[in-house]
Amino acid sequence: MGKSLNGKELGTGISQRNDGLYQARFINRFGKRQTIYAKTLSEVRHKLRTEQCNDEKAVNVVDRSMTLDKWFDIWLDTCKKNCRNSTKGSYVTHYKRIQEELGWRKLTSLNLIVMQEAFNKLKTDNARKNSKKILVDMLNKAVDTDLLVKNVAKQINTVISKEEKKERRVLTLKETDLFLKQAKGTFYENLFILALETGLRVGELSALQWEDIDLKNKVIHVRHTLCYFSRNGKYVFEMHDTKTNNGKRAIPLTVKAINSLECQKLQKQKIILKGKTAKEEFQNLVFVTKNNQPTQQFLINQCMQLVIQNINKAGIDFAPFTLHTLRHTFATRAIECGMNPKTLQKLLGHGTLQMTMDLYCHVTEDTLFLEMEKFEKRCS
C-alpha cells in the first residue's frame, strides 16, 4: 500500500514521489513491472485502470503487424517441423477453409465474433471441427510465444448444422461374399482379402514388405506406414514407422490371408518379369501398381468402386464403401465371433479399448436377428 508525501494511504501500487508526481506500478502479463506517472491522484488511478484493462485485452506485443497467414507459415515451419509431409498437407487443407476469411487479419483483430462468422460459412460440422483443431493449436503456440494473452478460438462453436452422425458402413457376411466374388481376378483382389482378414489400415497395407511377412510361422509384423503427398504435380512417397508404439504389432495369419499373400507374390513376380522396375527403397513392397510403383489409395478405391458398380449393374442394390470399411468389418466380425476385446485392440493397434469398442465394433442387422433368436430360445 503506497502513501502520499503527507502519509495518506493511496492504494495498492500507488505512491507520491518527492517531486510531487504520482506514480502507479503493476505487473503486466509478461511478469514485468510497468510504471505510470500523473500529476494528480485521480489521474494516476484512471491511467492505472486503463493500462491494466489494455494489458488484459492486448493480444500482440511482439509484432502488431502479424497476420494469421504469416503466423500459420511460422507455426508450420517451426512448431510442426518434424511432422510428416503428408500430415503437414492435411494441416494446409484444413487451414485453407478459413484462410480467405481470416488469413489476412492481424492477430490483434481476431476476436470470437470474427472467427465464429468465418466458421459459420463452412459447409459441415466436420469441416468446422478439423479447422478449429488447427486454429486452436496455432493460437495456443501464439500464447506460448507471448503473441497472444488468451486463445479465444477454443470457444468457437463447431456444431451448427446438427448433422445426424452416420453409422459406419460395415459389410454383412452376405455382402462380403458378394464383394469378394465380384472382385475375383481384379488387380487388388489379394489386398481386399488381406484387409478383411487382418484389419490393416490402408497405409499399413501399402507399406507391407516381404520381410514383414513370415509365412512359415503364419504372422505379419506391422512396422511401417506408407505416406504420400503431391509436390510440383508429382506424388512423393515416404516410408515411416507407425505413428505410435501400439501400431507396431504382430498379426497371426488365417488360411485365407496366407493364400492371398501367396497369390500376390506370383502377381508381383509377373510385374517384375515385364521389366517394370522400382526405386531401391520400394523394391520389396508387397502391393504395388501395374508399373511396380507404390500403390495409392485412390487407385485401390477406383478398383473397389468398379467392383461395386458391376454388382449394381447385375440388379443388386449395393451401397458404396471405402477401403477403411474393410477394417471396420474385420473388427465387427471378430467381436461377433467372440474374440476378446483386448485381443482385438492389440490386433487393430489401438491405444485404448474404448476406441476399439466405440468406433470399430458395430451391430449389424444379421447380429440383431441372431441375438433375438438366442433370447427367444432362452426365454421360451
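With n ≥ 4 as the cut-off for DSSP H runs, can you work out [θ] at 222 nm for the chain, using -39500 (n - 2.57) per run divided by the number of residues, rounded to the nearest 500?
Details: 14 runs with 174 residues, N = 380.
Computed ellipticity for the chain at 222 nm equals -14500 deg cm²/dmol.
Give LYS88/LYS268; LYS133/LYS234; LYS81/LYS141; LYS248/LYS270 a once-over and call out the pairs whose C-alpha atoms are over 25 Å from each other. Walk me through the numbers before you get to the answer.
Details: LYS88/LYS268 32 Å; LYS133/LYS234 29 Å; LYS81/LYS141 14 Å; LYS248/LYS270 31 Å.
Table pairs above 25 Å Cα-Cα are LYS88/LYS268; LYS133/LYS234; LYS248/LYS270.
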Tilt, helix 41-57 to longest principal axis of the chain (alpha-carbon atoms), in degrees rounded to tens, equals 10
Counting only the backbone N, which residues of region 90-115 are under 19 Å from the spot 7 Å out from the Cα of LYS154 toward its beta-carbon? 108, 110-115
Of the listed pairs LYS96/LYS243; LYS39/LYS150; LYS218/LYS313, those with alpha carbons more than 31 Å apart are LYS39/LYS150; LYS218/LYS313
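What FRET efficiency comes out for the pair ASN126/LEU273, r = Cβ-Cβ distance, R0 = 41 Å, nearest 0.05?
Values: r = 45 Å, r/R0 = 1.11.
Efficiency, from the Cβ-Cβ distance: 0.35.
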Enter the angle in degrees (range 0 to 90, nearest 10) between the Cα long axis of helix 189-198 and the first principal axis of the Cα atoms of the chain, meaning the one along which they spread out most. 60
Karplus couplings for region 313-328 from phi (6.51 cos²θ - 1.76 cosθ + 1.60, θ = phi - 60°), rounded to Hz, Gly and Pro as x? 5, 7, x, 9, 6, 10, 5, x, 7, 10, 4, 5, 4, 5, 5, 5
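When the Cα atoms of region 2-57 are enclosed in a convex hull and the volume is divided per residue, what value in Å³ results?
Values: hull volume 3.7 nm³, N = 56.
Measuring per residue, one finds 66 Å³ for the Cα hull of region 2-57.
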Please report Rg (one decimal) and Dmax (integer) in Å for the Cα set of region 68-155. 12.2, 33
So how strong a dipole does the chain carry about its Cα centre when Lys and Arg Cβ are +1 and Asp and Glu Cβ are -1, to the nearest 20 debye? 840
What net charge is computed for the residues neighbouring ASP212, neighbours being all others with C-beta under 10 Å from the C-beta of ASP212, Lys and Arg scored +1, Asp and Glu -1? -2
Spacing of the two label points (7 Å from each Cα toward its C-beta) at ASN312 and ASP366, in nm: 2.3
Using label points projected 7 Å from each Cα along Cα→Cβ, tell me how many nm separate ASP146 and MET357, to one decimal. 4.8
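Would you mind calculating the gained length between ASN85 and GLN296 on full extension (0.36 nm times residue separation, minus the Cα-Cα distance), in nm to one decimal?
Values: separation 211, 0.36 × 211 = 75.96 nm, distance 1.57 nm.
Result: 74.4 nm gained on full extension.
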The distance between the Cα centres of region 321-358 and region 199-253, in whole Å, is 18
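Just so you know, all these numbers are worked out from the coordinates, no wet-lab data involved. Not measured: the values here are computed from a predicted model. Heads up, the Cβs are rebuilt from the backbone with ideal geometry, glycines too, and the neighbour counts pull from every protein chain shown.
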